[in-house]
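Participant: Dropping the structure in here first, questions after.
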Amino acid sequence: MTSEHNKEIDESKQGEAVLLEGTSNGNGKKLYVESYGCAMNFSDSEVVASIMAKEGYSTTRNVDEADVVLINTCSIRENAETRVRTRLGDLKQKKKNNPDLVIGILGCMAERLKKSLLDEEKLVDLIAGPDAYRDLPNLVEEVGTGQKAVNVLLSRDETYADISPVRLDQGGVSAFVSITRGCDNMCSFCVVPFTRGRERSRDPKTIVQECQDLFDKGYREVTLLGQNVDSYRWNLTSKGEIKDSAESTTNFAELMEMVAHVSPELRVRFSTSHPKDMTDDVLEVMAKYENICSNIHLPVQSGNSAVLERMNRGYSREWYLNRIEAIRRIVPNCGISTDIISGFCGETDEEHNDTLTLLDEVVFDFAYMYKYSERPKTLAERRFTDDISEEIKGKRLAEIVEKQREHAHICNLKQVGQIEKVLIEGFSKKSQEHMCGRNGKNSMIVFPKGDFNKGQYVMVKITSCTSATLLGEVVEVCATH
Ligand code: SAH
Ligand code: SF4
Ligand code: F3S
């Protein structure tokens, strides 16, 4: 169970589901949901759990006691799909032991492969795409009558705005909140526009309400999610006209400000920013509010303008570096992370070298790095040849990874000696004697557990580091308002 993109998702929580308390109209049936891919998928699984809870399903962490198993899948790279197919292989025996077990595929693979997945994977009973989750109870019922059930319709307006997601990590500190769905960008390498459909924004009132509810339940951090958060626009048509003049319009900077007002004790993060759309007004709002974390995930993909053009990213190397300069000017000490693809179609040694020099110029705190994986139907698959050998992709990726490891270490070393405000997330993965949490820049900091509790803010003096983690000691517990 791995996360394809947002590796910051706590690996230990992935694929987990928990028993819902207080399901009054329980039907005694149990749902097990397992999620792959990006934070959006993890967030959707919570919407799914909520829709099924209304039908009386309680969720379970134990796949063996489930009546319905739903796998929320990812298609971003070929290996993401391979992983899901391997997992389906594991489930074969369970289906043999219990022929009534309903096995469903949700998410991006469901949308990409549609009905054909039923022929390829005989044990699958149900296929539901990302905009079809309200139909899940009907689909499960259909399976109950001995049929296979499929709904992969994409919608132009579904945002599940009215659904209050069931948090699969009850008692958690940090939660994802979707603000947009889909993507209109058509980066040439990317399958997401095909699996998630057109971009649409969610009503800001429902977003703020969800954040308020989370805060009231004890959550202390929200991450606003969208494939391109900067294009959030409520109540405007794609032509920029106001849809309903009685209601005001809201852009991403304004939305973030509304969420920041929920409580100074609620941290606000967001992901993902797009270099072509990230504006200074978003940076100015970040600088204005202490509770908006100084951290931006700004995927660059490549440091070479010709490659960026082939990728249809809508910006050049110079534009990207200008955005980095704006971040550093307006939000000093901001953590900056990125995504990089090695070996895109036609990438020459010189073009690859430009990615390495861009890394040197920016010095990212963190990066997700991938080998290019050709995806069916994308612009790149239709227009270009996937002509870089696996060996060269691997060699280039290794160079990128090595450089990034050095840079992450440099960034961490710079923080040694500083005192940072940390939101405690729980025990450290490696030791029950230590707790851990992140600072605003999103660096993970580990410190002796003392009498501290998860969800508390503490000031931690950083004493040493590796390239992945900072170590420190608490110097002060922050007063609550
Ligand atoms: N919406 C985000 C990215 C979503 S996908 C954005 O525009 O930045 C997450 C990351 O997966 C991308 O940033 C890219 O680095 C990587 N990715 C997407 N398609 C890929 C492919 N075909 N091969 C390799 N990596 C890919
Ligand atoms: Fe994919 Fe580009 Fe949309 Fe990101 S912005 S999801 S990379 S098409
Ligand atoms: Fe994967 Fe779909 Fe997310 S392809 S990265 S789960 S939007």
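The values are calculated or read from the model by the stated rules, or taken from the named source; none is laboratory data. What you see is a predicted model; the values in this text were computed from it and never measured. Methodologically, a virtual Cβ is constructed for each residue, glycine included, from the backbone with ideal geometry; neighbour enumeration extends over all protein chains shown. Side chains are part of the model used for accessible areas, which takes the heavy atoms of the whole protein and leaves out ligands, DNA and RNA. Shrake-Rupley method; radii C 1.70, N 1.55, O 1.52, S 1.80 Å.
Participant: Given H placed 1.01 Å from N in the peptide plane, which residues other than close sequence neighbours of Ala175 have an amide H under 5 Å from its amide H?
Facilitator: Glu221, Val222, Thr223
Participant: Quick one: with all protein chains in place, what share of the accessible area of the range 172-224 is carbon or sulfur, to the nearest percent (1.4 Å probe)?
Facilitator: Here it works out to 53 percent.
Participant: Okay, next question. About the Cα centre of the range 419-477, how large is the charge dipole given +1 on each Lys and Arg Cβ and -1 on each Asp and Glu Cβ? Please answer in debye to the nearest 20.
Facilitator: Details: 8 positive and 6 negative charges, 43 e Å.
So the magnitude is around 200 debye.
Participant: Using a cut-off of 13 Å between beta-carbons, work out the net charge of the residues near Glu120 (Lys and Arg +1, Asp and Glu -1, Glu120 not included).
Facilitator: +3
Participant: Just the number please: accessible area per residue for the chain, 1.4 Å probe, all protein chains included, in Å².
Facilitator: 43 Å²
Participant: A further question follows. How much length would be gained if the chain were fully extended between Arg382 and Arg198, taking 0.36 nm per residue of separation minus their Cα-Cα distance, in nm to one decimal?
Facilitator: Going from the current span to full extension adds 64.2 nm.
Participant: Give the carbon-plus-sulfur fraction of the accessible surface of the range 419-477 in %, rounded to a whole number; probe 1.4 Å, heavy atoms of protein chains only.
Facilitator: Carbon and sulfur atoms account for 49 percent of the accessible area of the range 419-477.
Participant: Please list 3J(HN,Hα) in residue order for the range 179-185, calculated via the Karplus relation 6.51 cos²θ - 1.76 cosθ + 1.60 where θ = phi - 60°; whole Hz, with x for glycine and proline.
Facilitator: Taking θ as phi minus 60°, the curve returns 10, 9, 10, x, 7, 9, 7 Hz for the range 179-185.
Participant: Hey, another quick one. Between Cys436, Asn291, Met258, whose Cα lies farthest towards the positive end of the dipole of the chain when Lys and Arg beta carbons carry +1 and Asp and Glu beta carbons carry -1, centred on the Cα centre?
Facilitator: With unit charges placed on the Cβ atoms, the residue in question is Cys436.
Participant: Something else: Of Lys243/Lys288; Lys243/Lys276; Lys429/Lys454; Lys95/Lys122, which sit over 22 Å apart, Cα to Cα?
Facilitator: Distance filter (> 22 Å) returns Lys243/Lys288; Lys243/Lys276.
Participant: Ok, one more. Hey, can you grab everything whose amide H is under 5 Å from the amide H of Val152? Only 5+ residues off in sequence or another chain; H modelled, so Pro and N-termini drop out.
Facilitator: For Val152, whose amide H was placed from the backbone, the distant partners under 5 Å are Gly129.
Participant: At 0.36 nm per residue, and after removing the present C-alpha to C-alpha distance, how many nm does the segment from His409 to Lys96 gain when stretched out fully?
Facilitator: 107.7 nm
Participant: Something else: For the range 419-477, what relative contact order do you get, as a whole percent, if you take Cα pairs closer than 8 Å and at least 6 residues apart?
Facilitator: It comes to 33 percent, rounded to a whole number.
Participant: How much length, in nm to one decimal, is gained on full extension between Lys115 and Ser263, taken as 0.36 nm per residue of separation minus their Cα-Cα distance?
Facilitator: Numbers: separation 148, 0.36 × 148 = 53.28 nm, distance 4.58 nm.
My answer for the length gained is 48.7 nm.
Participant: What dipole magnitude, in Debye to the nearest 20, does the range 347-407 give about its Cα centre under +1 on Lys/Arg Cβ and -1 on Asp/Glu Cβ? Before the final figure, lay out the partial values.
Facilitator: Numbers: 10 positive and 17 negative charges, 88 e Å.
Here the range 347-407 has a charge dipole of around 420 debye.
Participant: Can you compute the charge dipole magnitude of the range 53-158 about its Cα centre, using +1 on each Lys and Arg Cβ and -1 on each Asp and Glu Cβ, nothing else charged? Give it in debye, rounded to the nearest 20.
Facilitator: Computed about the Cα centre, the dipole is about 380 debye.
Participant: On to the next question. If R₀ is 25 angstrom, what is the calculated FRET efficiency for the pair Lys395 and Val363, using the beta carbon separation as r and rounding to 0.05?
Facilitator: Efficiency computed from Cβ-Cβ geometry: 0.65.
Participant: Turning to a different aspect of this structure: Could you tell me which residue out of Thr279, Leu308, Thr249 lies farthest along the dipole of the range 227-309 toward its positive end? Charges go on the beta carbon: Lys and Arg +1, Asp and Glu -1, centred on the Cα centre.
Facilitator: Of Thr279, Leu308, Thr249, it is Leu308.
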